[in-house]
Amino acid sequence: MNPWGAITAAIIAGAIAFVGMVVTKESKISDFRQEWINDLRTKIAELISIFDVISKESDFSADEKNEAKKNVNRVIAEVRLRLNHSNPTAAERDLGEVITDINIEIMTRGGEVSKHYDRLTELTHIVLKEEWTRVKKGENSYIMVKNFLSVIAVILAAMTITWFAIFIVTHSGLFKTPLF
C-alpha cells in the first residue's frame with residue numbers, strides 16, 4: 001500500500017484549511033474596518049451638528065448651546081480615538097487640526113464655523129477614501145497569502161502540463177518507430 005496518496009491528501013487539506021482561516025480572518029478585519037468607516041462618518045456628522053448649535057450664526061437658545069458645549073469635547077475625543085495616532089496619514093493629521101481649529105474658533109470667539117466646513121468635509125472624505133481603499137485591497141497577510149498561492153498555482157499548473165505532455169509523448173508510440 002502506497003502512503004503517498006494519504007500524505008498528499010493531508011497536505012492539500014491542510015493548505016485548504018489554512019487558506020480558509022486566512023480568508024475568514026481578513027474578511028472579519030475588513031468588516032471591522034467598514035464599521036470604523038461608518039462610525040467615523042457618524043461622529044463627524046454629529047460634530048458638525050454640535051458646531052452648528054454652538055456657533056454664533058445659530059438661532060439656538062442659550063440652554064441648547066450650553067448642552068452642545070458639554071457634548072463637543074466628548075465627540076471630538078471619539079473622533080480622535082478613531083484616528084491613527086501612532087502613524088497618522090497626512091489627511092488624519094490635517095483632520096485633527098481642522099477639528100481643533102473649529103473648536104478653538106467656537107469656544108474662544110463664538111465664531112463662524114461654516115467657513116471651516118468645506119475643509120472638514122474634504123479631509124473627512126480623504127480619510128474615509130484611504131480607509132475604504134485599504135478595505136478593498138485587503139490586509140497585508142491576506143495579500144501575501146494570495147500572492148504566494150498564486151505562484152504555487154502557476155508552478156503546479158506548469159508541472160501538470162509538463163507531466164501531461166511527457167505522458168502523451170511517451171505513450172503515443174512516437175519513439176517506437178524510427179524517425180528516418
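The values are calculated or read from the model by the stated rules, or taken from the named source; none is laboratory data. Predicted, not measured: the structure shown is a model, and the values here were computed from it. Cβ: placed from backbone, ideal geometry, glycine included. Neighbour counts: every protein chain shown.
In summary, LEU128 fulfils each of the numbered conditions (1) at pLDDT 85 or above; (2) farther than 21 Å from TRP36 by Cα with the single exception of condition (2).
Scanning the range 19-42 for residues that are of a type in the set (Ser, Thr, Tyr) and either surrounded by 14 or more Cβ atoms within 10 Å (Cβ to Cβ) or in the same structural domain as PHE148 (by TED's automatic domain parsing) (or both) yields a total of 1. Tell me yes or no: at least one residue of the range 110-117 is under 27 Å from GLN34 (Cβ atoms), in the same structural domain as LYS43 (by TED's automatic domain parsing) and touching a helix residue (DSSP H, G or I) at 6+ places or on another chain (Cβ under 9 Å). Yes - at least one qualifying residue is present in the range 110-117. Could you tell me whether GLY173 is over 29 Å from PHE32 (Cβ atoms), small (Gly, Ala, Ser), modelled with pLDDT under 75 and crowded, with 16+ Cβ neighbours inside 10 Å? When the stated conditions are applied, GLY173 does not pass them. Per the listing ALA62, ALA45, the residue uniquely in the same structural domain as GLY96 (by TED's automatic domain parsing) and farther than 26 Å from LEU95 by Cα is ALA62.
Looking only at residues of the range 131-163 that are of a type in the set (Gly, Ala, Ser) and part of a helix (DSSP H, G or I), we find that the one that is farthest from ILE37 (Cα to Cα) is ALA158. Listed by first and then second residue, the pairs linking a residue in the range 29-44 that is within 16 Å of THR133 (Cβ to Cβ) and in contact (Cβ under 8 Å) with a residue 40 or more places away in the chain to a residue that is in a helix (DSSP H, G or I) and acidic (Asp, Glu), with Cβ atoms under 6 Å apart and 6 or more places separating them unless they lie on different chains, are ILE37/GLU131.
Quick grid of which residues meet (1) at positive phi; (2) among the hydrophobic types (A, V, I, L, M, F, W, C); (3) within 23 Å of the chain's Cα centre (by Cα):
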| position | (1), (2), (3) |
| --- | --- |
| SER55 | no, no, no |
| VAL72 | no, yes, no |
| ALA77 | no, yes, yes |
| ALA90 | no, yes, yes |
| THR100 | no, no, no |
| ILE106 | no, yes, no |
| SER114 | no, no, no |
